[in-house]
1. Which of the residues that make up the range 246-284 are over 15 Å from ASN311 (Cβ atoms) and of a type in the set (D, E, K, R)?
2. Report every pair of residues separated by at least 6 positions or lying on different chains whose Cβ atoms are under 7 Å apart, first residue within the range 216-236 and more than 12 Å from GLU159 (Cα to Cα), second of a type in the set (Lys, Arg) and part of a loop (DSSP other than H, G, I, E, B).
3. Can you find, within the range 258-279, the residue that is surrounded by the most Cβ atoms within 10 Å (Cβ to Cβ) among those that are in contact (Cβ under 8 Å) with a residue 40 or more places away in the chain and over 37 Å from the mean Cα position of the chain (by Cα)?
4. Keeping to the range 315-339, report how many residues are under 41 Å from the mean Cα position of the chain (by Cα) and surrounded by 18 or more Cβ atoms within 10 Å (Cβ to Cβ).
5. Contact list please: Cβ distance under 7 Å, first residue in the range 241-252 and farther than 12 Å from VAL338 by Cβ and free of Cβ contacts under 8 Å to residues at least 40 places away in the same chain, second residue assigned to a loop (DSSP other than H, G, I, E, B) and not charged (D, E, K, R), pairs at least six apart or on different chains.
6. Considering only residues that are surrounded by 18 or more Cβ atoms within 10 Å (Cβ to Cβ) and more than 23 Å from LEU242 (Cα to Cα), which ones fall in the range 137-160?
7. Yes or no: GLY336 on the phi > 0 side of the Ramachandran plot, free of Cβ contacts under 8 Å to residues at least 40 places away in the same chain and part of a loop (DSSP other than H, G, I, E, B)?
8. Let me spell it out: the conditions are (1) closer than 23 Å to TYR142 by Cβ; (2) touching a Lys or Arg at 6+ places or on another chain (Cβ under 9 Å), and VAL292 meets all of them except one. Which number is the exception?
Amino acid sequence: MAEYTANYRLKKPERTDYYNVADFNSNSDIIDKYVKQNLDESKSYTDSKNTEAVAEATTYTDSKITETKDWAVNTFINPNLLINGDFQVWQRGESFSGGVLKYTADRWQMGWGTDVDITVEKVDNGIKVSSNVASASPIRQYIENPERLAGKTLTLSFEIAETTGTVNVYYNAGSSIQLGSVSEVGVHSFTFTCPSSVTKLCIFLQTPSTAISSFVLKWTKLELGSVATPFVPRLYGEELALCQRYNFVSNSSIRIRTAGVNSSEIYFFVPLPNSMRINPTVPATETGKISVATLSGGTVSGFAQTAEWLNGNGIFLRYTKTAHGLSDAHLVIDAGAVFDAEIY
C-alpha cells in the first residue's frame, strides 16, 4: 500500500506498484499549490518589513544623531597630551607667590618675567590662580617635542570650578594667540590648528590684567582632533612617574658613596626613580641641599658641581676642586633637593 509524505501528503508508491500518471500529476498539483502560497506569503512579509523599516528611519531625527554622537564621544576617548592635567602631583610644595617664572604643581608654570603679587595654590577641587593686584596671572604648560603636532587640529578643554572674573585662554607657538574668554563655571573647549613651523608650544589660562580676580581650574586636557572627549584621570603613580621625567624632588635625606675620585675631581652616581628628559640642573653645593662630605660627616666646601650624564635611571654628578685632599667621600642629599629637567 502506498505511503504519504508528512507535510504535503505527496503520494509515495511502493516499489511493486504499477506506474500511475494520476499519482504523479496529483503530487505536482500539490507542490505547485504550496510553492505559490509560500511565495505570496514571503512577498507580503517583505513588503510589511520594508514599510516598518522606512517608518523607523523617519524617527532618526537630529536628536537621534546627537544621541549617536554622544555615544561615540563617550566611548572613544583621546589621550591627554598634558601631564598632571588634574593637578594631582605637587612635588615642590602646595603654595607659591610672586610673579617671577616658577613651576608650581608639577609641569605647571606660573608668572611672568617680573615679580608681581600673584598666588598659585593647591585647593580641594584643583589649582587656584589669583591676581592680588590688577595684573594678569597665568598658569601654563609647555608641550615636549611639539613638532609632532605641526599642522594638526588640537582641542583644549578644561573645567572651571570657581571664578571671580574672566579667564582668558591662549596658546603660544611663537606668539600668543587668544582662543577666547570664559566667565562661568563648567566645562569649556576651544579648537585650533597648530602652526606647521612650530618649535615651541604651550597653552595657558590667566586672569585679566585689568582687575583683581581668581579662578579654580579642576582639570585641563589637550588632545588631537576637533572634538573634546571626556577627561579621564590617570592613576597617581602613573602621573607621578610622568612628572618625575621633568622634575624630581628628594623626599628624604640620603648619603651616597663616591663612584670615583682623583686629585681634583669626585664622581657620584645618584639613582633617580625615572630617567629624566635631559641632564637636570641641581642646587649648588654651597647654597643648595646637596653637599660633599667626608665619611665621618664633615662638609667640604669649595666644589664646583656639574651634571655629567644620564645613565638609565640615574645621573653622574662631578665635583671639581683643585687639591681637595680627599681619597673617599659621601654626597649628602637633603630632603627637598631638586633635580630640574623642565621646559623653559
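1. ARG255, ARG257, GLU265
2. Hits for this filter: LEU224/LYS152.
3. Going residue by residue through the range 258-279, those that are in contact (Cβ under 8 Å) with a residue 40 or more places away in the chain are 258-259, 261, 263-273, 276-279.
Applying the additional criterion that residues be over 37 Å from the mean Cα position of the chain (by Cα) yields 258-259, 261, 263-267.
Working: THR258: 18, ALA259: 13, VAL261: 16, SER263: 11, SER264: 11, GLU265: 16, ILE266: 24, TYR267: 16.
In this case the residue turns out to be ILE266.
4. Adding up the residues that qualify gives 10.
5. Partner pairs satisfying both residue conditions: ALA241/ASN274.
6. Once the filter is applied, which keeps residues that are surrounded by 18 or more Cβ atoms within 10 Å (Cβ to Cβ) and more than 23 Å from LEU242 (Cα to Cα), the range 137-160 yields SER137, ILE160.
7. Values: on the phi > 0 side of the Ramachandran plot: yes; free of Cβ contacts under 8 Å to residues at least 40 places away in the same chain: no; part of a loop (DSSP other than H, G, I, E, B): yes.
For GLY336, the condition - on the phi > 0 side of the Ramachandran plot, free of Cβ contacts under 8 Å to residues at least 40 places away in the same chain and part of a loop (DSSP other than H, G, I, E, B) - is not met.
8. Among (1) closer than 23 Å to TYR142 by Cβ; (2) touching a Lys or Arg at 6+ places or on another chain (Cβ under 9 Å), VAL292 violates only (1).
The values are calculated or read from the model by the stated rules, or taken from the named source; none is laboratory data. Just so we're clear, the structure is a prediction, and the values are computed from it rather than from any experiment. Note that we place each Cβ from the backbone using ideal geometry, even for glycine, and neighbour counts take in every protein chain shown.
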